[in-house]
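K.L.:
Take this structure first; my questions come after.
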Amino acid sequence: MNTDSEIHTGTTLYSQLMRFMTAVFILTLSGLFGGYWQSTRVFVERQLASHAQDAASSLALALPVAIHTGDMQLAEITVMPLFDRGYYRSIVVRGTDGKVLFERQLKNDGATNIPKWFKKIADLKPPAKQAVVSSGWRQLGFVEVMSEPRFAYEQLWDSSLQVLLWMLLIAALSGIGARFWLRSILIPLNSLEQAAQEVARRRFHKVLLKPRSIELRRLVAGFNSLVDAVQTLLGHEEARAERFLKESLTDQMTGMLNRKGLASYVHEGISEKSWLGIIECHDLANVNQTSGKEAGNKLILLLGQAIKSCFSDGVIARLSASGFAVIMHDAESEEHIKERCMAFHNVVGLSCSTIIEPLHIVAGWALRRQRNLGEWLTAADQALKQTVKDDLPGCFFEGAVDRGDAGYEVTAYGWGQLIRDALDLKRVRLYTQPTVFVDADGSRSVLHRELLTVLVDPNGEEKVAAQWIDVASRQGLLADVDRVVLEIMANTCLDVDDVVVMNLSAETWSRIDFVENLPQLAVRMKKWKKIIFELREEDVVNLPQPAEWFAQAARNAEFGVAIDHFGVSAGGVAALRRLLPEYIKLSPTLSEKIDTDAGSFYLESLVAIAATLDIRVFALTFEQEAYLSELQKLGIKGIQGNAVAARKPLDSRC
Amino acid sequence: MKSHTHNLVRRVLYLVALGGIATGAWTAHGCLIGLSERVMHVMSERFGLMATTRLKEWQRNEQRIHVGVKDLQLLESVNTLANRIPYSTDQDIWGVEDYWATPAELVAVNAGDCEDYVIAKYFTLRAHGVSASQLRFVYVRALLRGRLGTHMVLAYYKTPDSEPLVLDNINHKLLPVSQRPDLMPVYSFNDENMYREGASGSRKVDSVSVVRRWGDLVARITKEKQL
């Protein structure tokens, strides 16, 4: 904060330059005006002197007769025409002994528009000039003439005003000119400043302007090369992270997904009508023993190729040494799969005949239903064991009698109805679970609390999100869930002092009207200290532009933005650079790989990139305390999950 | 002496025009006494090696005039000293119609016209303590070789209303004006009527001179003194 305040205090370069130029201009104009004023003043004084001397000399030539004869009336007649013109303050005629013979003084009537202060500054000395009145060689006396400076003051005042007005006009025009000139010069600097501020917000943009001045051009070039260097560095980090991600999700030998890859795929939401098949070859150990590991590897590769060719439209993963999983989507019928299995047996029998014959391959298939991956795999595995137990050839399908297609339809419909009813009747309860900061010395503090939405069925039984979230997603109900949760939050009567995190679905945040109404939403949420919206990584990757718009608008409305389930989608790191979330929560599937080299490298790489962008990294739903120290070694200190703190109901009663 | 064809009145009015700077009191050490070696050098460069000899001779002669000597003697001495220099027209000496030479230039070039004599006499007398109010430069009409011409002499007034004595380069005798019927005064001036009224009624030397050439002359004399 101190640094920020230091940056924002002080004056801008523009105002400094403007002040300096104004000061120089004022000094220059003042100097010019002073010089002009002084020279005009001297000129006027000389004019007065010259004027007085001319009058004295003329009178000296005209007065000898009057003085010689002592005729003061004649002297008066000679002097008065000149005196009455009003340009002389006094005309005095003296004898050779200095005695005044005749005198005329102008009475100061004060009728002038010249301010007194101006007269005081100008301080024109009324010059007195003398000429000798002589008759032949004889000196008869002197005539002294003093000019009246009133007209000189008027002239000086008028010309000063005119010059001052001209100078003000020039100053105004120059000021406007300087303003435009400075602005045009400083445009590149402003761009640089904005780009530098963007850098402070971890956004690295080049400055595209080409300034005319060499120094600014160098500055822009230097800045751009720095941005290039940083972007290259971030690009490398991103590529490295993506590579680690790929490595951690794929099987090195076959290039297929591994178990974790399969898990991340299932996380994205698979239809309940999808089939999962486990295909196992029981001959690998035999081949390794009899023909060596190389032949065993070849067998694995051939198996993989055969599976790829026969189940080309399915998602394939290698689960164990010679065990594979295939997910076929809901368009597939049981008969169709059987046909494919037969084809597979033929293909694989043929291709592997050079290694071993006969080949013992079994497959067990199970429907997804409402199961998570573990349960689904268990079901398929049980089908597989049934195959082995019954020594059935080819493949076997899990509990065909129990399953029944109609039953499934009823269940899915039932869930959809349950969700709609719960939302309509506001049978929604909010729980919170904290993300806890675990320090190196083991001390813990709450960073924020995540809202967990629980629906209540007509029997009063609570249904957690894991149970209904997939159905809600497929039936387009997530936006309604968000709406109801936001309403509950807006209507809460308690001031909430904790920072609260809400999961927001892409259906909500990608809507333009929602983004536009964020400021109003912020007003309605004033009872909450701060709300952070968590977006899923896969949504953010799939909708990059709307995500960026939303993040910008949310920050402007003083909401926080974060990404959860991070680290399983390609392009996640690129999304980090675009969105710059407050933090990321790692996907729980990453935890499974923390004890493997590829997994920990990947996590390390993610943490490094996040640190570069000033983004905190938290871990999600790690159920085992044992992982904590591993996570801390990687620099992940914020953890959310039952292992560190259980969920509890949010008290928002009015 | 030179002759002018201009109308005399026009000439007078012309001379009333503004000039350069005026000067105050002159040094009591003498008009050309104390001239620096540098001035001597400059004069010898301008007018030949004889210039230095002439200036030094003038300095010797001027030193013989004791300060405090009676007025008449002083006037005689200065009049005679200056009148030793041969007459020549400005056209012949300087190549211009009218030029007011400084005393140093007059002595160094060893030639001058009526104004140059008057100037040298005026500054020498001032240097020997004669008041400016007693001295006046007088433009006169003079009978020169049977016809009227314009001429300048220096008039000395013992008191303001006394009869002046004339220091002239044509008639070298120091005579009162009553004995100079050949001269008819037209216009006179000195540098004492150039003052201005100060804030407290005090009088200061003014920068506006009564005669145009006067300012120029004073400036050149000042420059010589600063060399």
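Bear in mind that the values in this text are calculations on the coordinates, not laboratory data. All values reported here derive from a predicted model rather than from experimental measurement. With ideal geometry, Cβ positions are generated from the backbone for all residues, glycine too; neighbour counts draw on all protein chains shown.
K.L.:
Across peptide A:129-142, what mean number of C-beta atoms from other chains lies inside 10 Å of a residue's C-beta?
P.N.:
For this peptide, the per-residue mean of nearby foreign Cβ atoms is 6.
K.L.:
Could you give the alpha-carbon Rg of the range A:179-263 over 2.2 N^0.38 Å, rounded to two decimals?
P.N.:
1.77
K.L.:
Same structure, new question: With helices defined as uninterrupted DSSP H runs, which ones in chain A have an alpha carbon span along their own long axis of at least 27 Å and mean Kyte-Doolittle hydropathy of at least -1.0?
P.N.:
A:13-62, A:150-200, A:214-249, A:405-424
K.L.:
If you stretched the chain out fully between A:Arg483 and A:Ala62, how much longer would it get, using 0.36 nm times the residue separation minus the C-alpha to C-alpha distance?
P.N.:
Length difference between fully extended and current span is 140.2 nm.
K.L.:
Still on this structure: If I model a spin label at A:Ala643 and A:Lys246 as a point 7 Å from the Cα along the Cα→Cβ vector, what separation in nanometres do I get?
P.N.:
About 3.0 nm separates the two model spin labels.
K.L.:
Considering only C-alpha atoms, what is the centroid distance from the range B:30-98 to the range A:220-248, in Å?
P.N.:
Distance between centres, Cα-based: 98 Å.
K.L.:
Please rank B:Leu35, A:Leu13, fewest neighbouring Cβ atoms within 10 Å first, as an exposure proxy.
P.N.:
Starting with the residue having the fewest Cβ neighbours, the order is A:Leu13, B:Leu35.
K.L.:
State the number of lysine pairs found in the range A:113-208 whose Cα atoms come within less than 30 Å, restricting to pairs 8 or more positions apart or on distinct chains.
P.N.:
Number of lysine pairs found: 4.
K.L.:
Sticking with this one: By how many nm would the segment from A:Asp421 to A:Leu161 grow when fully extended, if each residue of separation counts as 0.36 nm and the alpha-carbon distance is taken off?
P.N.:
84.9 nm
K.L.:
Using a cut-off of under 19 Å, list every residue of the range A:126-161 whose amide N is near the label point 7 Å from the Cα of A:Glu76 along the Cα-to-beta-carbon line.
P.N.:
A:144, by backbone N distance to the label point.
K.L.:
Here is a follow-up. Going by average Cβ density within 10 Å per residue, which order do the peptides B:99-112, B:212-225, A:41-54, A:153-166 take, highest to lowest?
P.N.:
Descending mean neighbour count gives B:99-112, A:41-54, B:212-225, A:153-166.
K.L.:
Viscosity 1.306 mPa s, temperature 10 °C: what is the translational diffusion coefficient of the range A:245-339 from Stokes-Einstein with a Kirkwood Rh over Cα pairs, rounded to a whole number of µm²/s?
P.N.:
113
K.L.:
Pop the C-beta distance of A:Gln197 and A:Ile512 into the FRET formula with R0 = 41 Å and round what comes out to the nearest 0.05.
P.N.:
Efficiency, rounded to the nearest 0.05: 0.90.
K.L.:
Evaluated at 25 °C with a viscosity of 0.890 mPa s, what Stokes-Einstein diffusion coefficient in µm²/s does chain A have when Rh comes from the Kirkwood expression over alpha-carbon pairs?
P.N.:
72
K.L.:
So, one more: Setting aside same-chain residues fewer than 8 positions from B:Lys56, which lysines have a Cα under 28 Å from its Cα?
P.N.:
B:Lys70, B:Lys121, B:Lys173, B:Lys223, B:Lys225
K.L.:
Can I ask one more? How much mean residue ellipticity at 222 nm does the protein assembly as shown get from its helices, if each DSSP H run of length 4 or more adds -39500 (n - 2.57) and you divide by all residues, to the nearest 500 deg cm²/dmol?
P.N.:
Here the helix-only value at 222 nm equals -16000 deg cm²/dmol.
K.L.:
Can you compute log10 of I(q)/I(0) for the range A:453-564 with the Debye formula, treating each Cα as one identical point scatterer, at q = 0.13, 0.15, 0.18 Å⁻¹?
P.N.:
Here the Debye-derived log intensity ratios amount to -0.51, -0.68, -0.96.
K.L.:
So, one more: Starting from 0 in steps of 5 Å, tell me what percent of the Cα-Cα pairs of the range A:1-92 lands in each bin.
P.N.:
Taking all Cα pairs of the range A:1-92, the binned fractions are 3, 10, 12, 11, 8, 7, 6, 6, 5, 5, 5, 4, 4, 4, 3, 3, 2, 2, 1, 0, 0 percent.
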